[in-house]
Amino acid sequence: MTTLPRNDLDCHDWATRASEALAQARQLPAGAIRFEAIRKAEQLGFAAEMRKWLIPKKPNRAPKGTG
């Protein structure tokens, strides 16, 4: 799996990264390491899904209220 620098994580498409991680995990030989890799790839996929709901794509340009 490609390791991204910490500052590039926000720019990268999390869903694509989760798909890549899952594909690579499925190529591992059967065993505990494969199981753990698949579990972590699925967690990344869930995080990508939650991120779509929690973080807007475009920043809200509404003026801040004072007071």
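No lab work stands behind these numbers, since they all come straight from the coordinates. Being a predicted model, the structure only gives us computed values, none of them experimental. Virtual Cβ from ideal backbone geometry, glycine too; neighbours counted across all protein chains shown.
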Going through region 18-51 in order, the residues found to be loosely packed, with under 11 Cβ neighbours inside 10 Å and outside any helix (DSSP H, G or I) are Gln27, Pro29, Ala30, Gly31
List every residue pair whose Cβ atoms sit under 9 Å apart, with the two residues 6 or more apart in sequence or on different chains, where the first one lies in region 35-56 and is closer than 9 Å to Ala18 by Cβ and the second, anywhere, is outside any helix (DSSP H, G or I). Ala41/Met1; Ala48/Asp13
